[in-house]
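K.L.:
Could you have a look at this structure, given as structure tokens, before my questions?
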Amino acid sequence: MVEVQVLREVVSSESPRDDLIRRERFPHIWCPGCGLGTVLKCYVEAIASSDIPRDKHVIVSGIGCSGRMAGYVNIDSYHVTHGRPIAFAEGMKIVRPDLEVTVISGDGDLVTIGGNHFIHAIRRNVDINVFLVNNFIYGMTGNQYGSTTPLGARSSTSPYGCPEYPFNLPLLAAALGAPFVARWTTLHVRQLAEAMKKAMKVKGFAFIEIISPCPVGFGSYNEMREGMDFIKFFLENCIVDHNADLNKVAISMRPGDPIILGNFVEREAPTYHDLEREVFRKAGWLK
Amino acid sequence: MDQKLEELKLLKPGTYFMMGNIACAEAALIAGCEFYAGYPITPSNEIAEHMSRRMPELGRHFIQMEDEIASAVAILGASAAGVKAMTATSGPGFSLMMESIGLAAMLELPCVIVDVQRAGPSTGIPTFVGQGDVMQARWGSHGDYELVAYAPSSVQEFFDLTIEAFNTSELLRIPVIVLADEVVGHMYGKLVVPEYSKINIVNRKKYTGPREKYLPYSCETLVPPFVAAGDGYRIHMTGLTHDERGYPSLEIDDSRKLIERLVMKVRKNAKNLWKYESYFMDDADVVVITFGVTARSSLEAVKRARAEGIKAGMLKLLTIWPFPEDPVRIAGEYAKRILVAEINMGQLIHPVKEVVRCPVVGINYPVGYAPPPEYILDGIRASV
């Protein structure tokens, strides 16, 4: 018989990133198996390893499960109305270009109700980071379908299967000219944290679509009831291809139909800040 | 905004002949507005057009957003970063901004929203006047909150009240609405810009103490001191009902304390916020209570009624919300009848009825048109 010895000294209630987490707000509200804890972890790792002082980092979130992210990160944090964090972040970044403003919110928030702000912020190339957590469903309100729900997937408002085509977000962001476009899953922890670090360095709009498990919501309607079901699905179906043809990276969540991941776009383009300075020059404010 | 007003390229003290909407924009510049976000809409466009030219001259930010929702949210982002911010719109855009007015009230972010009222409902008559947003200005966003709304009736008042709107929003950390109308916005009139030393400019009170002791939504005072993004306090702001730390809370005490404070900071300061002007009120039997463009024809009507021997008076409200209860109540104690003149089917008449005991009759004019003095005079004659 093997004796199991618990190494108590390695079990700690402290984390090396405690300074960046609002510990007093834990336990968080997210369900078992949810990917948002991993997103939080990657974000604070990216902040910690960025060259930008912590007090210059700002997070803005909207409404929904992912919208709660702002409440757990110990930096200046703003939890605003549904769909509006990008517009809020734009106002903030334009008057304070020294701040590193990151929006972390969900698919329903950022590209369904907030889709208009999403496309226009990319078009303007405002220098913010948008980390969109895509769980294919409205989790907090009770698992209704949205603009990222795969065709045919079931939800509380698509009991016969979703009759709409989902967004192909990397294609959309790239088509609008975003200087940085990436997609990772919460299984790809290191790549995700690295992509976030890159996004913080990018001049201009940096977009990461984060595919995240939702076993309690999306999964319970689509035969993926455990967090591990998603992790296995990601393991078996994800392909990393940084040079993928973005026309072909839409997600169906059907076994055998791959989820393409990668840092798809890395390019330079004048930002809104650069272009606004040209306005200031023409107006006589700047020489 | 460390620079002195004299050093900036602002409208110089002096006398001008100017359009109301442009006077509003110049007032915002003097008040220290550093961020303007807007979306094209008639009849407020001259404000945005003027700001788009003038803001960059001062190194300040003008942006045309994708809609009025984005405009109203963007000014809150700028305000959270510590600068004074505004937007201007009209009815349909004002409707889209309602969500953010609630957010501004909840996060306690100062901002100014100018609504140049046009004829409604819906698209209505975009180029014609209306006064149908009185109740929307006060009650348009869901839930309990209070705000301040000023209503100018001249170019000068549009200028003065825009500066006042910034001051009040900074003082109380609330959204403030300037409820103008198409006529006042488009009218050309006399504007006197006083010496800068005579212009009162208020900036929000900031917290500078130690980080550990900072309670962003402290209930110790009605208006807690502000910190901006990047100040190093690691603030959390949420539209969820929150405790004094700013963290979401479901507790009855937190909800009560927060909502009471949001409401009481306006109610307890109401007397200082009321602005109004009385005309021929000393012995008035009939009092016309009115605001905005309607006050202009009402004054002429009251003068003509006086010439006919009718003891008519007028109370022009410059502050619409919080409703100036005391002056209206006093008017009601001495008058035999009160008339409420407005370009709608009866909105301001309701708070008037709440506070006076004498008979109250509405003088309502078809939406889209400013009432001529004769129309209001007929109303006065009919009441005696």
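The values are calculated or read from the model by the stated rules, or taken from the named source; none is laboratory data. Please read these numbers as outputs of a predicted model, since none were measured by experiment. Glycine gets a Cβ as well: all are built from the backbone with ideal geometry, and neighbour counts include every protein chain shown. Accessible surface areas use protein heavy atoms only, side chains included; no ligands, DNA or RNA. Shrake-Rupley method; radii C 1.70, N 1.55, O 1.52, S 1.80 Å.
K.L.:
Take the residues of the range A:45-70 that are buried (at least 24 other Cβ atoms within 10 Å of the Cβ) and under 16 Å from B:Ile235 (Cα atoms): which is nearest to the other protein chains (Cβ to nearest Cβ)?
P.N.:
Once the filter is applied, the top-ranked residue is A:Val58.
K.L.:
So which of B:Arg54, B:Arg60 ends up being buried (at least 21 other Cβ atoms within 10 Å of the Cβ) and within 21 Å of B:Gly77 (Cβ to Cβ)?
P.N.:
B:Arg60
K.L.:
Do you know which of the residues in the range B:235-264 that are farther than 22 Å from A:Asp76 by Cβ and in a loop (DSSP other than H, G, I, E, B) is nearest to the other protein chains (Cβ to nearest Cβ)?
P.N.:
Here the residue is B:Leu250.
K.L.:
I'm trying to understand the selection: among the residues of the range B:83-127, which are open to solvent by 10 Å² or more (accessible area, probe 1.4 Å), under 26 Å from B:Phe226 (Cβ atoms) and more than 16 Å from the chain's Cα centre (by Cα)?
P.N.:
B:Val83, B:Glu99, B:Met106
K.L.:
Yes or no: the range A:108-121 includes at least one residue that is in contact (Cβ under 8 Å) with a residue 60 or more places away in the chain, open to solvent by less than 20 Å² (accessible area, probe 1.4 Å) and over 24 Å from B:Leu96 (Cα atoms).
P.N.:
No, because not a single residue in the range A:108-121 is in contact (Cβ under 8 Å) with a residue 60 or more places away in the chain, open to solvent by less than 20 Å² (accessible area, probe 1.4 Å) and over 24 Å from B:Leu96 (Cα atoms).
K.L.:
Another question, then. When the residues of the range B:265-281 are filtered to those that are within 30 Å of B:Val302 (Cα to Cα) and not in a helix (DSSP H, G or I), which remaining residue is farthest from the other protein chains (Cβ to nearest Cβ)?
P.N.:
B:Phe280
K.L.:
Regarding the range A:234-245, can at least one residue be identified that is in contact (Cβ under 8 Å) with a residue 12 or more places away in the chain, assigned to a helix (DSSP H, G or I) and closer than 21 Å to A:Phe167 by Cβ?
P.N.:
Checked the range A:234-245: at least one residue is in contact (Cβ under 8 Å) with a residue 12 or more places away in the chain, assigned to a helix (DSSP H, G or I) and closer than 21 Å to A:Phe167 by Cβ.
K.L.:
Does A:Thr81 count as among the β-branched types (Val, Ile, Thr), touching a Ser or Thr at 6+ places or on another chain (Cβ under 8 Å) and within 23 Å of A:Val249 (Cα to Cα)?
P.N.:
no
K.L.:
In the range B:128-157, what residues are open to solvent by 30 Å² or more (accessible area, probe 1.4 Å) and either not hydrophobic (A, V, I, L, M, F, W, C) or not assigned by TED's automatic domain parsing to the domain that holds B:Ile113 (or both)?
P.N.:
Those that are open to solvent by 30 Å² or more (accessible area, probe 1.4 Å) and either not hydrophobic (A, V, I, L, M, F, W, C) or not assigned by TED's automatic domain parsing to the domain that holds B:Ile113 (or both): B:Gly132, B:Gln136, B:Gly140, B:His142, B:Gly143, B:Asp144, B:Gln156.
K.L.:
While we're on this one: If I filter the range A:130-151 for residues that are more than 19 Å from the chain's Cα centre (by Cα), over 23 Å from A:Gly35 (Cα atoms) and at pLDDT 95 or above, do I get at least one hit?
P.N.:
Within the range A:130-151, not a single residue is more than 19 Å from the chain's Cα centre (by Cα), over 23 Å from A:Gly35 (Cα atoms) and at pLDDT 95 or above.
K.L.:
With the requirement that a residue be free of Cβ contacts under 8 Å to residues at least 60 places away in the same chain, open to solvent by less than 20 Å² (accessible area, probe 1.4 Å) and not hydrophobic (A, V, I, L, M, F, W, C), what does the range B:316-332 give you?
P.N.:
B:Pro324, B:Pro327, B:Gly332
K.L.:
Considering every residue within the range B:206-225, establish whether at least one is touching a residue at least 24 places away in the same chain (Cβ under 8 Å), out of contact with any His (no Cβ under 6 Å at 6 or more places or on another chain), closer than 30 Å to A:Asp19 by Cβ and among the hydrophobic types (A, V, I, L, M, F, W, C).
P.N.:
Taking every residue of the range B:206-225 in turn, at least one turns out to be touching a residue at least 24 places away in the same chain (Cβ under 8 Å), out of contact with any His (no Cβ under 6 Å at 6 or more places or on another chain), closer than 30 Å to A:Asp19 by Cβ and among the hydrophobic types (A, V, I, L, M, F, W, C).
K.L.:
Can you tell which of B:Val202, B:Val192, B:Val184 is part of a strand (DSSP E or B) and away from chain A (no Cβ under 14 Å)?
P.N.:
One residue alone meets the criteria, B:Val192.
K.L.:
Sticking with this structure for a sec: Are there any pairs, at least 6 apart or on different chains, whose C-beta atoms fall under 7 Å, with the first in the range B:342-357 and outside the structural domain of B:Val183 (by TED's automatic domain parsing) and the second of a type in the set (Phe, Trp, Tyr) and not in a helix (DSSP H, G or I), and if so, which?
P.N.:
As it stands, the answer is B:Ile343/B:Tyr365; B:Leu348/B:Phe291; B:Pro351/B:Phe323, since those pairs meet every condition given.
K.L.:
Restricting to the range A:141-174, and then to whatever is crowded, with 17+ Cβ neighbours inside 10 Å and of a type in the set (A, V, I, L, M, F, W, C), can you tell me which residue is nearest to A:Glu100 (Cα to Cα)?
P.N.:
Ranking the qualifying residues of the range A:141-174, first place goes to A:Ala173.
K.L.:
While we're looking at this one, here's another question. Within the range A:71-83, restricting attention to residues that are assigned to a loop (DSSP other than H, G, I, E, B) and open to solvent by less than 20 Å² (accessible area, probe 1.4 Å), which residue is farthest from the other protein chains (Cβ to nearest Cβ)?
P.N.:
A:Gly83
K.L.:
Residues being surrounded by fewer than 15 Cβ atoms within 10 Å (Cβ to Cβ) and part of a helix (DSSP H, G or I): count how many of those fall in the range B:333-384.
P.N.:
Within the range B:333-384, residues that are surrounded by fewer than 15 Cβ atoms within 10 Å (Cβ to Cβ) and part of a helix (DSSP H, G or I) number 7.
K.L.:
Restricting to the range A:175-192, name every residue that is small (Gly, Ala, Ser) and open to solvent by 30 Å² or more (accessible area, probe 1.4 Å).
P.N.:
The one that is small (Gly, Ala, Ser) and open to solvent by 30 Å² or more (accessible area, probe 1.4 Å): A:Ala175.
K.L.:
Which condition breaks for A:Arg96 when tested against (1) within 7 Å of another protein chain (Cβ to nearest Cβ); (2) under 25 Å from A:His273 (Cα atoms); (3) open to solvent by less than 10 Å² (accessible area, probe 1.4 Å); (4) not aromatic (Phe, Trp, Tyr)?
P.N.:
It is condition (3) that A:Arg96 fails.
K.L.:
For the range A:193-230, give me each residue that is open to solvent by less than 30 Å² (accessible area, probe 1.4 Å), charged (D, E, K, R) and assigned to a helix (DSSP H, G or I).
P.N.:
Correct list: empty.
K.L.:
I'm trying to understand the selection: among the residues of the range A:168-179, which are at negative phi, in a loop (DSSP other than H, G, I, E, B) and in contact (Cβ under 8 Å) with a residue 60 or more places away in the chain?
P.N.:
Passing the criteria: A:Asn168, A:Ala178, A:Pro179.
K.L.:
Just checking, which of B:Glu212, B:Glu244 is modelled with pLDDT under 95, open to solvent by 30 Å² or more (accessible area, probe 1.4 Å) and outside the structural domain of B:Phe158 (by TED's automatic domain parsing)?
P.N.:
B:Glu212
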